[in-house]
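Report on the following structure.
The values are calculated or read from the model by the stated rules, or taken from the named source; none is laboratory data. No experiment lies behind these values; they were computed from the predicted model shown. In this analysis, Cβ positions are derived from the backbone assuming ideal geometry, glycine residues included, and neighbour counts consider all displayed protein chains. The area values use the complete protein model at the heavy-atom level, side chains included, leaving out ligands, DNA and RNA. Shrake-Rupley method; radii C 1.70, N 1.55, O 1.52, S 1.80 Å.
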Amino acid sequence: MGTAAKPTRENRTITIDFQNEATYFQLLGDGRAFLECVLAFIMSLGFQLKHKATCRGGGCLTRHSHYVRVRLGGVTIWRIQCTTCKAVFTVLPHFVLRYRPMRPEVARDALLATHGGLSLELCAVIWDISPMALYRLVCAFGHQSLVPVLTRCGLPLPVYFLADEKHSHCLTEKVYLPTIVRGRVIWHLGYTEEASAVAFTQSYGEFQRTASQQEPSYRVRGVLIDGFDSTSKSMRTLFPGARLGTCLRHAINKLPKKLAAIASPVRKALRTQFHTLLYRARQRKGLRVFALGQRLRHFVDHVTTTAGAANGERVRRWFQDKKAGWYAVLADPQMPVTSTLLDQAHNAIDRKLFMMKAFHHPGGSQQAFLTGLAHLYNLIPYQRRAQHAGQCGVEVEGGRVPTADWFLNLQILTSGGFR
C-alpha cells in the first residue's frame, strides 16, 4: 500500500524589528502592547500574514504560547494565533535567526568575511561558530530563488543578458554551473553534471519559469553566449524569439588557435589585426553588419597570403560558423558585446568552491549552496569589500541600488513569513 504524500507545511514565522533587545524583553510582560507592536510593524511594511485558505477574515490575533531558545541564553519566543482560522505565527525578534543558534550580527560578519575571501574554517575560528553551521546558513539563503529576491530589491527582469557555463570540480568529478548574468548581477546559477543541451535546458528553464511567474509578459530580446553548441540549443529552445550573439572577446582569443605551423610574431600580428577589425566594425554608426562581412572576407584573404592556404581555409570555415553571432551583436546596440562580467562572477564563485571543497561533495546541497553564494555575490559589493564592508547593496550596470537594511530583508526572505 503506497504511502500518502504529506501536505506541505506552511511557514508562518515572522521576523519583527524591536529596535533593541531591552524593548523586546519589556514588551514580553505586556501582551497587548506586544501584539500592537507586531501588528504596527507588519502594516508599516505592507505585508500580510499568511492565514489558512479557509480564513474569511473578521478575526483578531491573540497570544497562543511561548517557548525558550536555550542555546541563545534562554530567549523567550512568542507565538500568536488568528482567532478565526487558528493559524499560529511564530514571532522572532530581530536579534534571533530562525533555526540558527547564532545571532544575526555574528552571521552578518561571518558572511561578509566569507565572501570577502576567507574560508568557512577561518570564519569559524574568527567568529567562534561551527563551519557546518555557516555552510548551512549559506544554504538557507540558497533556498530562496534569485529572481524573486532581485525583483523584490527593485531590479527589472533582464531583457538582454549573458549566458555561459563554468566548469568546476566536485571532488574528482567535472561539473558545470550554468549561469545568467546581467551587468554585475547573477540572475541564475545552476548545477549539472552533464554538458548536454538537455541538462542546460533544464537548468536555464528554472530561470525562465520563475521569471514568467513574476511577469507573465516577460520576453528576452537578446542573449550573448560563447558559441557552445549545447548553450545555443538550450537558449533557442527556451527563448525562441531572442537574438543570439557570440562574444567578441572569445573570438579574438580563439583566432590564434586556428593558426597552425606559423611563427609566434605572425600569429600575434594577425590577432591584433582581427581585434582592430572588430573594434572598427563596432565604431561604425551605420551599415556595420555589411561592413563586417566585407572586412571578414578581406581578412581571410590576408590570412591566406600571410599564413598559407590551409590556415586561410580553416579561418574561413570558422568565420562561416560564427559570423551570425557576431552580426547579432553588432546589429543591436543594446546587446552585450563581451562576457567579461560573467567571467568575473564565475571566477569569484569558483574561488569560493575551491576553498570549500570539504563541503562541496556528491551528497551535499550543491544547488542551494551555489544559490546562496550567488545571493552573497549580488548583495555584497564585489570590489573593494574591505574598504566598504558595511555599505552593502545590489550592484547593477551603471550604478548601485543601495539597500542599507539588506540583512534584515534577507532575514525576512529566509523566514518566508511574509507575502
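Data table
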quantity	calculated
Residue in the range 270-282 that is open to solvent by less than 60 Å² (accessible area, probe 1.4 Å), part of a strand (DSSP E or B) and among the small types (Gly, Ala, Ser) present	no
Test: residue in the range 253-262 that is small (Gly, Ala, Ser), over 22 Å from the mean Cα position of the chain (by Cα) and on the phi > 0 side of the Ramachandran plot	yes
So Lys50, is it on the phi > 0 side of the Ramachandran plot and either at pLDDT 75 or above or crowded, with 16+ Cβ neighbours inside 10 Å (or both)	no
Members of the range 131-153 found to be over 13 Å from the mean Cα position of the chain (by Cα) and open to solvent by 60 Å² or more (accessible area, probe 1.4 Å), listed by number	Met132, Arg136, Arg152
Any hit, the range 251-259, residues being touching a residue at least 12 places away in the same chain (Cβ under 8 Å), open to solvent by 80 Å² or more (accessible area, probe 1.4 Å) and over 23 Å from Val223 (Cα atoms)	no
Strands (runs of 3 or more DSSP E) completely within the range 169-249 that count 1 or more residues being surrounded by fewer than 18 Cβ atoms within 10 Å (Cβ to Cβ), under 16 Å from the mean Cα position of the chain (by Cα) and among the charged types (D, E, K, R)	none
Residues of the range 154-168 that turn out to be part of a loop (DSSP other than H, G, I, E, B) and buried (at least 18 other Cβ atoms within 10 Å of the Cβ), as a count	3
Filter result for Leu296 (in a helix (DSSP H, G or I) and modelled with pLDDT under 85)	no
Matching entry among Val289, Val303 (being at pLDDT below 85, part of a helix (DSSP H, G or I) and in contact with a helix residue (DSSP H, G or I) (Cβ under 6 Å, 6 or more places away or on another chain))	Val289
Out of Tyr176, Tyr135, sole residue that is aromatic (Phe, Trp, Tyr) and either farther than 18 Å from Ala368 by Cα or touching a Leu at 6+ places or on another chain (Cβ under 7 Å) (or both)	Tyr135
Residue in the range 306-338 that is most open to solvent (accessible area, probe 1.4 Å), counting only those that are hydrophobic (A, V, I, L, M, F, W, C) and not in a helix (DSSP H, G or I)	Val337
